[in-house]
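Structure, as structure tokens:
The values are calculated or read from the model by the stated rules, or taken from the named source; none is laboratory data. Model, not experiment: these values are computed from the prediction. Glycine gets a Cβ as well: all are built from the backbone with ideal geometry, and neighbour counts include every protein chain shown. For the accessible areas, the whole protein counts, side chains as well, though only heavy atoms, and no ligand, DNA or RNA atoms are used. Shrake-Rupley method; radii C 1.70, N 1.55, O 1.52, S 1.80 Å.
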Amino acid sequence: GDAPGTFRRLEGDLHRIKNVEFVDQNPIGKSTRSNPATYLKAFDEIRKLYASTQGAKQMGYTASDFSFNSDGGRCEECKGDGYITIEMQFMADITVPCESCHGKRYQKEILEVEYRGKNIYDILEMTIDQAIEFFSESDGSQEKRIVKRLRPLSDVGLGYIKIGQNSSSLSGGENQRVKLASFFADEKAEPTLYIFDEPTTGLHFHDIATLMKSFDRLISLGHTVLIIEHNMDVIKCADHIIDIGPEGGDAGGNLVATGTPEEITVCETSYTGKFLKDKL
Ligand SMILES: [Zn+2]
């Protein structure tokens with residue numbers, strides 16, 4: 001990153017922070033096959049459930065046979081992608097559905113294993129919210145583990161995403177929220193300073209409210225949230241504002257005002273204060 005400025009000291013309640021986590025909008029996971037459910041380890045629990053079914057036991061399948069990330073049960077032709085990428089010499093690569101598995105990512109025998117009438121591909125086609133509903137219908141302990149891993153994704157407003165949705169198709173904001181969800185899944189995390197860079201970019205007003213609830217939850221877990229933001233609906237919710245300006249780019253970068261939202265509104269030179277006044 002950029003070289004930090006020069007500082008004489010860093011002070012405050014520093015023992016409250018054990019880790020620092022910068023939550024950017026870069027894609028989750030390096031593998032082309034990573035998705036929100038694998039990132040939160042929910043898919044591990046789903047694979048275990050399938051391995052525990054009567055059908056899988058009879059055939060001797062283990063949880064790894066239900067993985068699309070490793071050899072075993074996945075389609076060998078497309079290596080579990082469900083599609084084939086064709087490299088074009090003078091144009092962008094194109095993808096076509098795999099002819100061997102017809103986009104279903106697994107070998108035929110694996111798809112014959114069902115849990116309550118659904119095979120593993122049917123699960124990948126469900127949205128997060130549909131899967132939470134489906135697995136909540138049973139009170140088995142493995143089903144409970146699955147729901148517990150999926151729930152944080154729904155809590156950050158990503159319930160509409162498919163279980164098997166490739167992370168490369170997620171927007172920057174969606175990637176950021178998947179990372180946010182993963183912090184909820186880790187209940188024993190040490191007090192952490194989470195830094196978010198413009199997390200509301202591209203979000204609908206309703207989604208911003210969901211995001212703010214998620215931040216409140218992080219704070220109630222003993223974490224600290226630092227947000228770089230222009231959105232007044234977010235800024236007005238802050239406990240403490242650091243207004244940098246007064247203008248953008250070269251005409252900015254100076255400390256204009258600090259304090260609670262109410263304290264910022266009385267600062268004559270703060271543009272943020274002027275806009276904030278209407279929101280409070
Ligand atoms: Zn295939």
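One table, with the values for the structure above:
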read-out	value
Only Lys, Arg (+1) and Asp, Glu (-1) charged, at Cβ; the chain dipole about Cα centre in debye	840 debye
Taking the chain and dividing mean pair separation by its residue count, relative contact order in percent (alpha carbons under 8 Å, at least six apart)	18 percent
Of Lys179/Lys277; Lys118/Lys188; Lys48/Lys188, pairs whose Cα-Cα distance is over 27 Å	Lys179/Lys277; Lys118/Lys188
Whole-number accessible area per residue in Å² for the chain, which is evaluated in the context of all protein chains at 1.4 Å	59 Å²
Rounded to the nearest 20 debye, dipole of the stretch 36-167 from Cβ charges on Lys, Arg, Asp, Glu	480 debye
Folded to 0 to 90 degrees: helix 205-220 orientation relative to the chain principal axis, Cα	80 degrees
P(r) histogram, all alpha-carbon pairs of the chain included - 5 Å bins from 0, percent	1, 5, 10, 13, 14, 13, 11, 9, 8, 6, 5, 4, 2, 0, 0, 0
Placed amide H near Ala257: partners under 5 Å, 5+ positions off or other chain	Asp243
Rel. contact order, % - alpha carbon contacts under 8 angstrom, at least six apart, the stretch 36-167	25 percent
Acute angle (nearest 10 degrees) that the helix 42-51 long axis makes with the longest principal axis of the chain, alpha-carbon atoms	20 degrees
Protection proxy ranking of 172-181, 124-133 - average other beta-carbon atoms within 10 Å, highest first	172-181, 124-133
Exposure of Cys237 as accessible area (Å², to 10), given a probe of 1.4 Å and all protein chains	70 Å²
Among Tyr106, Ala238, Ala37 the positive-end extreme of the charge dipole of the chain (Cβ point charges)	Tyr106
